[in-house]
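Nothing in this text is a laboratory measurement; each read-out follows from the coordinates by a stated rule. A quick note: this is a predicted structure, and the numbers were derived from the prediction, not measured. Neighbour counts run over all protein chains shown; Cβ positions are idealised from the backbone, glycine included.
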Amino acid sequence: MSLSEKQRSEIMDWILDNIRAHPNDIASLAQSRYHLSRITINKYLQKLIAEKKLQGEGNTRNRTYILLPAAVFEKTYAITQDLAEDRVWRNDILPLMTGQNENILRICEFGFSEILNNAIDHSEGKTVTVKIELFPDQVAVLIRDDGIGIFNKIAKEYHLDDPYTAILELSKGKLTTQPENHTGEGIFFTSRMFDRFSILSHKLTFGSAEKVDTLIEDDKEIEGTLVVMQISPSSARTTRQVFDEYSEVDRGFDKTVVPVSLVKYGNENLVSRSQAKRMLSRLEKFKVVMLDFVEINEIGRAFADETFRVFANAHPTMKLIPINTTDSVKNLIDEIVKNNASEN
């Protein structure tokens, strides 16, 4: 049975939409979904390769397919007083983004401007490289400088023990090494506007996806700072939605989320008051604090007491909200909160 042009187009669009998740078995999956022969599916794959939408690697049995960008822009700029993020966006990036939905344009402009400005003002580098990749399923924005490295910069300016503590502080928001010129809100909001957001510097990667923050340590060292921002062109998210989620009209940016897992060093447990104090540092800047206990199975009584009794009593107008807790963590928190209430 001959397929219509619309049906063929649907099959190829489905392949493009699913190739990232199934680079090795996309052919067999397409066969099952559309009840077509392997030969027919391979014809569509070859057509996508000919159109430079896919790249195939390996032999027939171990064939792997890689999604190729429809458009790419890459340029390195000297970091000088004349480099301005708005001009780079307007002159070099915006023409490439023709056809993107308005909400995607606004998100990309916000993230691009914030991160490039950070590189210009804070990196202490000499150059910054901008790369934009437009895929059928993703807009990717990459910005890399050759400076001191963002985690080392923050640790140095705030006299922190190490870059791990710098990442914890960065995740909270309202952190800047130039408070007279910056609010420190840009990275926080940018990380929540994009589907995936990562900062790589030296051997550490701080990432955020689906509102979950992670820290990864790798043997591979990256000089300077690389920021990667990715969003689906079909996303309905808007900058206003993200601002409203973490802001009040009369108070501005007053709500944050703290990934509790970033408090840990390696495999240590969260048991001490000093660990809690490190987690709670600077949180007095916010009215609502959500403590995200993802990947935390248990906490010690001293850690919980310092957080939900001592700190809570010292900041009675602040809302401390634990989220994603295990039963063990929740029961301990509930016990301390209940006992504290009865004492007061």
Self-check item: Two-site label geometry, Arg282 and Asp244: point separation in nm, points 7 Å out along Cα→Cβ
Solution: 2.8
Quiz item: On full extension of the chain, what length is gained from Asp82 through Leu36, given 0.36 nm per residue of separation minus the C-alpha to C-alpha distance?
Solution: 10.8 nm
Practice problem: Could you work out how far the C-alpha centroid of region 193-265 sits from that of region 1-71, in angstrom? | Solution: 32
Practice problem: Let me know the Kirkwood hydrodynamic radius for region 71-244, please, with Cα pairs as the basis and the value in Å to one decimal. | Solution: 16.3
Quiz item: Between Glu210 and Thr98, what FRET efficiency comes out of the Förster formula 1/(1 + (r/R0)^6) with R0 = 22 Å and r the beta carbon distance, rounded to 0.05?
Solution: 0.15
Self-check item: Cα principal axis extents for region 5-67, largest first, Å
Solution: 29, 22, 20
Exercise. Set Lys and Arg Cβ to +1 and Asp and Glu Cβ to -1, take the dipole of the chain about its Cα centre, and tell me which of Ser201, Phe151, Ile15 lies farthest positive.
Key: Ile15
Quiz item: Using alpha-carbon pairs under 8 Å, 6+ residues apart, how would you state the relative contact order of region 254-343 in percent?
Solution: 32
Exercise. Using R₀ = 51 Å, calculate the FRET efficiency as 1/(1 + (r/R₀)^6) where r is the Cβ-Cβ separation of Leu29 and Ala314; round to 0.05.
Key: 0.35
Quiz item: So what is the calculated 222 nm ellipticity per residue for the chain, using -39500 (n - 2.57) for each DSSP H run with n of 4 or more, over all residues, to the nearest 500 deg cm²/dmol?
Solution: -10500 deg cm²/dmol
Practice problem: Can you check what the net charge comes to around Phe188, using other residues whose Cβ is under 9 Å from the Cβ of Phe188 (Lys, Arg +1; Asp, Glu -1)? | Solution: +2
Quiz item: Which lysines, on any chain, are close to Lys319 with Cα under 19 Å apart, when same-chain ones fewer than 8 places away are left out?
Solution: Lys172, Lys174, Lys255, Lys277, Lys285, Lys287, Lys330, Lys338
Quiz item: Where nothing but the Cβ of Lys and Arg (+1) and of Asp and Glu (-1) is charged, how large is the charge dipole of the chain around its Cα centre, in debye to the nearest 20?
Solution: 860
Quiz item: For the Cα atoms of the chain, what angle does the longest principal axis make with the long axis of helix 38-50, in degrees from 0 to 90, nearest 10?
Solution: 80
Quiz prompt | Max mean-square fluctuation residue, GNM over the chain, Cα-Cα springs under 10 Å, options Met318, Met193, Met279 | solution = Met318
Quiz item: For Arg90 and Ser2, FRET efficiency with R0 = 56 Å and r from the beta-carbon atoms, rounded to 0.05?
Solution: 0.70
Practice problem: Enter the angle in degrees (range 0 to 90, nearest 10) between the Cα long axis of helix 5-18 and the first principal axis of the Cα atoms of the chain, meaning the one along which they spread out most. | Solution: 40
